[in-house]
Every structure is written in structure tokens, then in C-alpha cells.
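Below is one structure, written out as C-alpha cells, with a few remarks after it.
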Ligand code: SF4
């Protein structure tokens, strides 16, 4: 009897035309060959993190929502403490020598009103608006 083992041994010496026949004989032996499945490739590495990009420039700070807030009274203690004057040109220059002509809330870095607004917020006086034409001793030139 021709065994499967015997056929496997003689297949290499058979001419190519006989190989198909030998395969048929193997099948006829009733023993199924288990297919050799190549091992699966390891899963692909996760994509590398995106290359750091230059952060987008920060948007200019939106003006604080100060519409409807009352105008700061220059007689309020907090206003008096900082030498706040609703009209910057009336600032006491002897008491506040740092004041210079042209300085006012509208061109102060802390002013939160729009560029063309008559009044806007100031973090030093929460809950109140300051006049764009006002000034106080905490003034700091915008863009300086
Ligand atoms: Fe005006 Fe600037 Fe003084 Fe605020 S800190 S009251 S914006 S001058």
C-alpha cells in the first residue's frame, strides 16, 4: 500500500507533470493537509503623533461685556485711591506727575472697551465702566 509518507518522499523526484497527480493521490489518502498559514504580521504601529505645529496666534482678547454697567463715580473710594478723573485733562499733575498729556483710558492697556467706545470696563473697577477720556494712576500705555 502506498502511504502518504511514501508519496511525500517520492514527490520531489517526480517530474512536474506528475506532481498534480501526486497531489490527487494525497487527497485520496483521506488525510487532509492542513494549510500552512503564515503567521500574521504584527499589527502596524499606531501612527506617530502629529508633528508639532506652530500654534495659531492668539486672538486678541474680546472686550469684556460691560454694556449697561454704570459709569464709575470719581468720588468713590476706589476711584479716589487711584486718582481717577473722568476727564483726564483735569488730572492733578502736581499730585500725579506721571500723568502726561494724551494719556487716557482709551489708550490704556487695561481698558476693555472697544476702540471707538465712549466707555468700557477696567479690571481695577469691577462692575463699573470707566470713561474712555478718564485717567487714573494705574495707567499703562497700550502697546508699550
Ligand atoms: Fe483707565 Fe487704565 Fe486707570 Fe483703568 S487703569 S481707569 S483703563 S487709566
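Since every read-out is calculated from the coordinates, none of them should be taken as a lab result. The structure presented is a predicted model; accordingly, all values stated were derived computationally and were not measured. We place every Cβ from the backbone using ideal geometry, glycine too, and count neighbours over all the protein chains shown.
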Can you tell me how many residues within segment 131-142 are outside any strand (DSSP E or B) and in contact with a strand residue (DSSP E or B) (Cβ under 7 Å, 6 or more places away or on another chain)? 5
Output the residue which, of all residues in segment 125-144 that are in contact (Cβ under 8 Å) with a residue 60 or more places away in the chain and within 9 Å of the ligand (Cβ to nearest atom), is surrounded by the fewest Cβ atoms within 10 Å (Cβ to Cβ). 131
Restricting segment 109-124 to residues that are surrounded by fewer than 22 Cβ atoms within 10 Å (Cβ to Cβ) and within 17 Å of residue 72 (Cβ to Cβ), which is farthest from the ligand (Cβ to nearest atom)? 118
Report, by residue number, each residue of segment 111-130 that is farther than 12 Å from residue 84 by Cβ and in a loop (DSSP other than H, G, I, E, B). 111, 112, 113, 114, 115, 116, 117, 118, 123, 126, 127
Of all residues being surrounded by 12 or more Cβ atoms within 10 Å (Cβ to Cβ) and over 22 Å from residue 67 (Cβ atoms) in segment 94-108, which is nearest to the ligand (Cβ to nearest atom)? Just the residue, please. 103
